[in-house]
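Shown next, in structure tokens, is the structure this report addresses.
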Amino acid sequence: MENCYEILGVQPGASAAEIRRAYRRKAKELHPDTSHDPEKVEEFRRLTCAYKVLSDARERSIFDESFFSRHHIKRRAFESFDYRTWLLAREDEESRSKLIFFDLMHHHEDEAVAEFKRMSMNHADFTLKKWFTREDFMDYGYILAEELVIRGEYYDAVVLLEQIIRMENSYSYFRLFFPEVLDFTRNILKRQIEGNISDELALDVWERALDLGFGKSDDAFFLRKMSEVYKRMGDTGTADICMAEAVRIAG
């Protein structure tokens, strides 16, 4: 039995977010479409198998029971500098941003979401991306967006994903996981906005979506939904404009 943790390069106590992050990082190196190295095909297969095991709670539990029992491995806690305590004591935006992603990766998902909401509410120009590299912001930001969706924070999730999409659209290379981000965002916009947030916020996210390049069919959908909202709000003129544009785009 192979050590799935070793293949992914994470500790046995790794959070689900850490496992996703490790998989994405290694997949970028080993994926046949990017590595162009036949010898790495088997490595990529092993990586994918390990990820499938550790990303499924039931499969991971079964693996842990079997592997650690068979090899008599015990997880030990090592005393070290408490980075989280150090970050918690600081109030500057960079430290709070790093605290959000640190908590996200270390079993403090609720605290990460709460801090992100607090910083977003108290600082109008707050943005995480200026403190991280492109790849880190895309990976951590995507995981944070997933946590926001789990908690029904759909508006904040879309705003965060919009930043990732705009950032990725500014680059003309290496978008291995970008389709996953687009599909996730599209699913929120089409299935989880209506009825879950206010009409005003719904109009805002659908209008934002029109600038993200999803395609004619999706844009027509957003415009039709905007038309319905404007009609409910009594603004029939704008509702008609949105519907006419939806019909034009749809062809």
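The values are calculated or read from the model by the stated rules, or taken from the named source; none is laboratory data. All values reported here derive from a predicted model rather than from experimental measurement. FYI the Cβ positions are ideal-geometry reconstructions off the backbone, even for glycines, and counts take in every protein chain you see. We work out accessible area using only protein heavy atoms, side chains counted, and drop any ligands, DNA or RNA first. Shrake-Rupley method; radii C 1.70, N 1.55, O 1.52, S 1.80 Å.
Please give the helix 16-30 orientation as an angle from the longest Cα principal axis of the chain, in degrees from 0 to 90, rounded to the nearest 10.
The helix 16-30 is inclined about 90 degrees to the chain.
When Rg is the radius of gyration of the Cα atoms in the chain and Rh is its Kirkwood radius, what does Rg/Rh come to? The partial results should precede the final answer.
Details: Rg = 21.3 Å, Rh = 20.6 Å.
Using only Cα positions, Rg/Rh for the chain is 1.04.
With no solvent and one equal point scatterer per Cα, compute the Debye intensity ratio I(q)/I(0) for the range 159-251 at 0.13, 0.24 Å⁻¹ and report its log10, rounded to two decimals.
Per q value, in the given order, log10 I(q)/I(0) is -0.46, -1.23.
Which of Gly213, Ser198, Tyr230 sits closest to the plus end of the dipole of the range 152-251, meaning its Cα is farthest towards the positive end, when Lys and Arg get +1 and Asp and Glu get -1 on the C-beta?
Gly213
All other residues with a Cβ under 12 Å from the Cβ of Ala16 taken together, and with Lys, Arg as +1 and Asp, Glu as -1, what is their net charge?
Working: positive: Arg20, Arg21, Arg60; negative: Glu18, Asp56, Glu109, Glu146, Glu147.
Net of charged neighbours comes to -2.
Grab the DSSP H runs of the chain that are 4 residues or longer, score each as -39,500 (n - 2.57), total them, divide by all residues and round the 222 nm result to the nearest 500 deg cm²/dmol. If you can, show how the numbers build up before the last one.
Values: 14 runs with 177 residues, N = 251.
Roughly -22000 deg cm²/dmol at 222 nm, from the helical runs in the chain.
Identify, among Ala50, Ile19, Trp131, the residue whose Cα sits farthest towards the positive end of the charge dipole of the chain, taking +1 on the Cβ of Lys and Arg and -1 on the Cβ of Asp and Glu, with the dipole about the Cα centre.
Toward the positive end, the furthest listed residue is Ala50.
Expressed as an acute angle from 0 to 90° and rounded to the nearest 10, what is the orientation of the C-alpha long axis of helix 57-71 relative to the principal long axis of the chain?
Approximately 10 degrees, to the nearest 10.
Please get the size of the charge dipole for the range 110-251, origin at its Cα centre, with Cβ charges of +1 on Lys and Arg and -1 on Asp and Glu, quoted in debye to the nearest 20. Spell out each step's value before the answer.
Details: 18 positive and 27 negative charges, 77 e Å.
Around 380 debye, computed over the range 110-251.
Please give the per residue accessible area of the chain, computed with a probe of 1.4 Å over protein heavy atoms only, in Å². Don't jump to the answer; show the numbers that get you there.
On the way: 13990 Å² over 251 residues.
Per-residue value: 56 Å².
For the chain, what is the charge dipole size about the Cα centre, in debye to the nearest 20, if Lys and Arg each add +1 at the Cβ and Asp and Glu each add -1 at the Cβ? Each step should come with its number before you reach the end.
Working: 38 positive and 48 negative charges, 107 e Å.
The dipole of the chain has a size of about 520 debye.
Could you tell me what percent of the accessible area of the chain is made up of carbon and sulfur, with a 1.4 Å probe and every protein chain present?
Numbers: 7000 of 13990 Å².
Answer for the chain: carbon and sulfur cover 50 percent of the accessible area.
Once you compute Rg and the Kirkwood Rh from C-alpha atoms, what is the Rg to Rh ratio for the range 81-205? Walk me through the numbers before you get to the answer.
Numbers: Rg = 14.7 Å, Rh = 15.2 Å.
With Rg and the Kirkwood Rh in hand, the quotient comes to 0.97.
Counting only C-alpha contacts under 8 Å and six or more residues apart, can you give the relative contact order of the chain as a whole percent?
On the way: 221 pairs, mean separation 28.5, N = 251.
Over the chain, the number comes to 11 percent.
If the cut-off is a Cα-Cα distance under 23 Å, which lysines reach Lys129, setting aside same-chain residues fewer than 8 apart in sequence?
Cross-link targets: Lys26, Lys28, Lys98, Lys117.
Enumerate the calculated ³J(HN,Hα) couplings along the range 212-220 in order (Karplus 6.51 cos²θ - 1.76 cosθ + 1.60, θ = phi - 60°), each rounded to whole Hz, writing x wherever the residue is Gly or Pro.
So the J values, rounded to whole Hz, are 9, x, 6, x, 4, 4, 5, 4, 5.
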